[in-house]
Amino acid sequence: MTKSIHTSAKINWISALQGMAIVLVVMNHVRLYDASIGDDYAFVHRIRDVFQPFFMATFFFISGMLLYYTRMSSEWRTFQLYKDKTARLIVPLLFCTVLGCASQAVFNGVVKHPKVIGIDTLLYALLDYDTTPWPHRWYLVSLVWIMALYPCYRYISDRGVKAEVMAVAATIAVYLVDFTDWVDTNWCYAFTLNKHLPFFLLGIITYKYRLFRYLRSALAMCTCWAAYCTMYMLTPHGEPWWLLMSVVGVMAMISTSMIIADRIPQALSSIRNYVFPIYLFGIAFQAFVELILWRRLGCPSGYVYVFYVLNILAGLYLPILMSRVIERIPYRWIRRCFGLNA
């Protein structure tokens, strides 16, 4: 890979893409209770549904690109990669599991789904992410599984285009299988790993061959968004259309991020350096807004849109504030617990 590909100007759009993706994640975590119907406001779900097919797919795609850019292109060995990902993924996963169970125990009186918390809960929380505190930890354990396949990515990449095409085809075929039908519990989220692998592998290939360059135009951006909106409105929201919508949505996000980065290089600069801490801890601050502030005020419908925005801002900027405090702590492993680069 040539030196020019590795310049900050060439990858500034990836940072913008990360910023855009984390905003969508925070929007996905918004909850606002409507006392008149006993459920969340319908508009919250409608907004979330629009970007549901692609916002997490974008994250896995970015992870694939960054793995190639930062590790595979530098020919990292497997043990080296595993050691690195243990610090970057497993340490915050364990920390957030403990913290999630502790916060559940403390706030059981105000949360929507109180749970009995004990030592067994802490252990079970490492196996079942859907019924234990902080279920959004599923992303971390999924990345752990995906990174464990690092030798496979190197093997496929070393064997060129034919092997890569076959690998993408295989992951797409497996994507179409619903393994959760076979089990009652999605243990360690291993049974939905097939839903993320195609995007991760496409991210590796996209960066390796610089396929993203075909999306660097306003025409490409408009075409991708038009195609996505058309499919979203006119096609069934099931497989294989969901996969196609996800791919087109990721392409639209990439194209948009490149246009933004070309015109405003520092766009989203206040949040894009703290994407991981925002993902890990933003939901806790959002829960405070929804469960404490919003409900203590009586769920005032006249301020619902104000609180919708406030919920998003709290999920984005309070983790950043927290991170800037944690960054001052001189112990690397404490910073690792919070998803910060040591």
note: the range 98-231, Cα-Cα separations exceeding 23 Å make up a percent value of 54
Can you give the net charge of the other residues whose Cβ lies under 12 Å from the Cβ of residue 176, counting K and R as +1 and D and E as -1?
-> -1
Using the Kirkwood formula on alpha carbons, the hydrodynamic radius of the range 303-342 in angstrom works out to 11.3
Here the range 276-289 yields Karplus 3J(HN,Hα) values (6.51, -1.76, 1.60; θ = phi - 60°; whole Hz; Gly and Pro given as x) of 5, x, 5, 4, 5, 10, x, 5, 5, 5, 5, 5, 4, 4
Whole-Å distance linking the alpha carbon centroid of the range 24-90 with that of the range 209-273 is 16
May I ask you to give the percent of accessible area on the range 3-137 that is carbon plus sulfur, with a probe radius of 1.4 Å?
-> 63
Shape call for the range 42-132, from the Cα gyration tensor axes a ≥ b ≥ c (a/c under 1.5 means rounded, otherwise prolate when a/b beats b/c, else oblate), comes out oblate
Would you calculate the separation in nanometres between label points at residue 35 and residue 269, each defined as 7 Å from the Cα along the Cα-to-beta-carbon direction?
-> 4.4
Expressed in Å to one decimal, the Kirkwood Rh of the chain from all distinct alpha-carbon pairs is 21.4
Rg (one decimal) and Dmax (whole number) from the Cα set of the range 188-258, in Å, equal 13.4, 41
If each K or R counts +1 and each D or E counts -1, the residues other than residue 329 whose Cβ falls under 13 Å of its Cβ total +4
Taking the range 1-159, the equivalent ellipsoid from its C-alpha gyration tensor has semi-axes in Å, biggest first, of 35, 23, 12
Radius of gyration, Dmax [the range 155-306; alpha carbons; angstrom] = 19.9, 61
Could you give me the radius of gyration and the Dmax of the range 273-335, taking only the C-alpha atoms into account and expressing both in angstrom?
-> 14.0, 46
What are the residues whose amide H is under 5 Å from the amide H of residue 34, where those residues sit 5 or more places off or on another chain and H is modelled from the backbone?
-> 39, 40, 41
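The values are calculated or read from the model by the stated rules, or taken from the named source; none is laboratory data. The shown structure was predicted, so the numbers you read here are calculated from the model rather than taken from an experiment. Here Cβ is always computed from backbone atoms with ideal geometry, including for glycine, and neighbour counts include all displayed protein chains. For the accessible areas, the whole protein counts, side chains as well, though only heavy atoms, and no ligand, DNA or RNA atoms are used. Shrake-Rupley method; radii C 1.70, N 1.55, O 1.52, S 1.80 Å.
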